[in-house]
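Novice: Input: one structure, supplied below.
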Amino acid sequence: MIYMLEDEEGIRNFVIYALKSSGFEAEGFEAPSALYEAIKAELPELLLLDRMLPEEDGLEVLKKLRSVPETQKLPVIMLTAKGTELDKVEGLDNGADDYIAKPFGTMELISRIKALLRRTYGSSAETEKLSLGGIAVYPTKHEVFAEGEKVNLTLKEYDLLLMLMRHRGQVFSRDSLLREIWGYDFAGESRTVDVHIRTLRQKLGDCGELIETIRGVGYKAGDGSID
Ligand code: CA
């Protein structure tokens, strides 16, 4: 899980979408107070931290995180529009692990994230594998196999499959899938989900039946047991 604290909604949504498309779980927050709440519930593997924020400066947030044991070693990449040498030094002096200046491309951001995850957790983060029956998903490589055959999915089909496989046995309503994958401001219908599930199942061949329809509710993958 990667958290991003960034008050500009456009940038936040763009980055969160890019991260999810690259196989990461990611959640964005607008203000420091929301981030602190989220950290209490779940500690992320990495934090993307904007410098200019409401409530308090990104540097203050960083100092706070470094002052408590739980987040003392949390990998942090600072983002800033300023991009001056002084800013960079300040960020690093205060315990940021890396620094990226706006505007940045998502390719660069994601490769910096992967590099920092490798430095922090070793190479195992690169080869994470999720499996269910004959389906295998490699999130960091963004690859899906069914019965050993590579499957080419669209972004949304992939996101749906990853969501269901990361939460095996959990039933998702169409509305919750719409919100999670298309975004809460997506003006679509729940039928959109059905259409994507149908093409996803077709592409998975015989393995498609592992994605179950729960009548009147939504969808789930697997029964929560480990195979
Ligand atoms: Ca900002």
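Novice: Say whether the condition of being within 30 Å of His196 (Cα to Cα) and of a type in the set (Gly, Ala, Ser) is met by at least one residue in region 112-132.
Specialist: yes
Novice: Starting from region 84-97, keep only residues that are in the same structural domain as Leu59 (by TED's automatic domain parsing), then list their pairs with residues that are exposed (fewer than 13 other Cβ atoms within 10 Å of the Cβ) and part of a helix (DSSP H, G or I) whose Cβ atoms are within a distance under 6 Å, requiring at least 6 positions of separation or different chains.
Specialist: So the pair list comes out empty.
Novice: Something else now. Is at least one residue of region 32-41 within 29 Å of Thr154 (Cα to Cα) and in contact with a strand residue (DSSP E or B) (Cβ under 8 Å, 6 or more places away or on another chain)?
Specialist: Among the residues of region 32-41, not one is within 29 Å of Thr154 (Cα to Cα) and in contact with a strand residue (DSSP E or B) (Cβ under 8 Å, 6 or more places away or on another chain), which makes the answer no.
Novice: Of all residues in region 9-46 being under 21 Å from Arg112 (Cα atoms) and in a loop (DSSP other than H, G, I, E, B), which is farthest from the ligand (Cβ to nearest atom)?
Specialist: Among residues in region 9-46 that are under 21 Å from Arg112 (Cα atoms) and in a loop (DSSP other than H, G, I, E, B), the one farthest from the ligand (Cβ to nearest atom) is Gly23.
Novice: What tally of residues in region 76-98 results from selecting those that are within 15 Å of the ligand (Cβ to nearest atom) and of a type outside the set (S, T, N, Q)?
Specialist: The number of residues fulfilling the criteria is 8.
Novice: Residues to consider are Leu62, Leu49; find the one that is in a strand (DSSP E or B), over 24 Å from His142 (Cβ atoms) and within 16 Å of the ligand (Cβ to nearest atom).
Specialist: Leu49
The values are calculated or read from the model by the stated rules, or taken from the named source; none is laboratory data. In this text, all values refer to a predicted model and were calculated from it rather than measured experimentally. Counting neighbours? That spans all protein chains shown, and the Cβs are built from the backbone with ideal geometry, glycine included.
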